[in-house]
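Before any comments, here is the structure.
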Amino acid sequence: MSNQEQTPDIAVVVMARYPTLGQTKTRLARTLGDNDTVYLYRAFLTDLIQHHASQAYTLCWTYTPNNVDYQTLVEA
């Protein structure tokens with residue numbers, strides 16, 4: 001049974017920015033550095049995906065920029 005069949009009236013929307021050096025979590029990057037910040041942000045997104053995948057609601061993503069292949073990020 002899909003998540004929509006279980007609870008069609010509930011959805012969680014995640015808004016994300018593609019993890020790009022120098023553009024992601026810039027205040028945190030001042031402390032961690034750009035490379036570690038991008039790595040950490042990717043880990044945040046991966047954790048969100050894993051946590052919400054088994055829930056009984058629809059998970060929707062909105063992201064920027066829209067010309068990036070986010071599927072490769074999820075598979076990484």
Only one of (1) modelled with pLDDT of 85 or more; (2) exposed (fewer than 10 other Cβ atoms within 10 Å of the Cβ) fails for residue 2. Which number is that? (1)
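Residue-by-condition table, conditions (1) exposed (fewer than 12 other Cβ atoms within 10 Å of the Cβ); (2) at pLDDT below 95:
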| site | (1), (2) |
| --- | --- |
| 29 | no, no |
| 35 | yes, no |
| 41 | no, yes |
| 45 | no, yes |
| 50 | yes, yes |
| 53 | yes, yes |
| 59 | no, yes |
| 63 | no, yes |
| 72 | yes, yes |
Hits in the range 5-27 - residues which are touching a residue at least 24 places away in the same chain (Cβ under 8 Å), in a loop (DSSP other than H, G, I, E, B) and surrounded by 15 or more Cβ atoms within 10 Å (Cβ to Cβ): 18, 19
Check the range 41-49 and report whether any residue there is in a loop (DSSP other than H, G, I, E, B) and closer than 27 Å to residue 11 by Cβ. no
If you check 67, 35, which single one turns out to be more than 16 Å from residue 11 (Cβ to Cβ), free of Cβ contacts under 8 Å to residues at least 40 places away in the same chain, out of contact with any Leu (no Cβ under 6 Å at 6 or more places or on another chain) and not in a helix (DSSP H, G or I)? 67
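The values are calculated or read from the model by the stated rules, or taken from the named source; none is laboratory data. Model, not experiment: these values are computed from the prediction. Every residue, glycine as well, gets a Cβ built from its backbone with ideal geometry; the counts of neighbours run over all protein chains shown.
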